[in-house]
Amino acid sequence: RMRLVQNKELQIKTDLVGKSTALRRLMSKIEKIAHVATPVLITGESGTGKELVAKTIHNSSRFKEGPFVAVNCGAITSTLIQAELFGYEKGAFTGAGKRKIGYIESAKGGTIFLDEIGDLPLEQQVNLLRFLQEKTIQRVGGTEHIHIDVRVISATHIDLEAAVANGRLREDLYYRLNVLQLKTPPLREREGDIELLAYYFFQQFSDENQNNLRGFSASCIKTMNYYAWKGNIRELVNRVRRALV
């Protein structure tokens, strides 16, 4: 894999591709916070690579030998979120035929990445807050308090302070999650990275290149550099892949 964000000053290996000032500034911040276990909140627009940033933090921390478990809080129904996060004991509810380990417990010794944390149902936020305060969980239907040594990284593309003001997010949970904050820069602010990324994805999807294409024309590169990329890197991936096909 290409790992372009490396030089004598930065000691972090990453799958984030680029050499722009904005990306190097982000990497410098990651290097400063990677070695502490403090919770991190990653903010930024959709498609800017928040999960890759979380993986970079994990791979540079003392938790790197443990698992990296990513959970999309907005993709789990409100009726299942507690059981999915904390697990459950056999017989805890209808259909619970055996014990199940939840996402948080499965990340023990590693990192739990809570993506789209702003979509976590309000009624479940108190359980997450209790875990952050005590570092223990209780499986649904269980009584045992289980200690979990895990680093917590969360991410969101929405304004969490506004969510607190609107009553969608508990203020105490917000302050527990937002101890250290990183913001992923949008693609339009990463001067010089668009061409690098375009060729990186061109090579990634080279097996879909049936016409022996060699790359992008000068006019294409110019157009990409002036385009707004509202969908950020996710949109760039889509456009490059579509062009190859």
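The values are calculated or read from the model by the stated rules, or taken from the named source; none is laboratory data. All of these numbers come straight from a predicted model, not from anything done at the bench. All Cβ positions, glycine included, derive from the backbone under ideal geometry; neighbour counts span all protein chains shown. What goes into the accessible areas is simple: the full protein's heavy atoms, side chains included, and nothing from ligands, DNA or RNA. Shrake-Rupley method; radii C 1.70, N 1.55, O 1.52, S 1.80 Å.
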At 1.4 Å probe size, put Thr111, Thr43 in order of accessible surface, largest to smallest.
Thr43, Thr111
Sequence of Glu45, Glu144, Glu191, Glu116 when ordered by accessible area, the most exposed leading, probe 1.4 angstrom
Glu191, Glu144, Glu45, Glu116
Any idea how far apart Ile33 and Thr223 come out in nm if each label point goes 7 Å out from Cα toward Cβ?
3.8 nm
Region 145-233 - Rg and Dmax from Cα coordinates, angstrom
20.3, 61
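Rounded to the nearest 500 deg cm²/dmol, what is the calculated helix-only ellipticity per residue at 222 nm for the chain, with -39500 (n - 2.57) per DSSP H run of length n ≥ 4?
Values: 10 runs with 93 residues, N = 245.
Helices in the chain give a 222 nm mean residue ellipticity of -11000 deg cm²/dmol.
Using a 1.4 angstrom probe, figure out how much accessible area the chain has per residue, in square angstrom, rounded to the nearest whole.
Working: 13110 Å² over 245 residues.
Result: 54 Å² of accessible area for each residue.
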What part of the accessible area of the chain, given as a whole %, is carbon or sulfur when the probe is 1.4 angstrom?
47 percent
In cubic angstrom, how much convex hull volume per residue do the alpha carbon atoms of the chain span?
152 Å³
Taking a ≥ b ≥ c as the square roots of the Cα gyration tensor eigenvalues, with a/c under 1.5 meaning rounded and otherwise prolate when a/b beats b/c or oblate if not, region 28-137 comes out prolate
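Can you give the charge dipole size of the chain about its Cα centre, rounded to the nearest 20 debye, using +1 on the beta carbon of Lys and Arg and -1 on the beta carbon of Asp and Glu?
Numbers: 35 positive and 27 negative charges, 135 e Å.
With Lys and Arg at +1 and Asp and Glu at -1, about 640 debye.
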Counting only DSSP beta bridges with both residues in the chain, what percent are antiparallel, rounded to the nearest 5?
15 percent
R0 of 25 Å, Cβ-Cβ distance Tyr199-Glu51: FRET efficiency to nearest 0.05
0.70
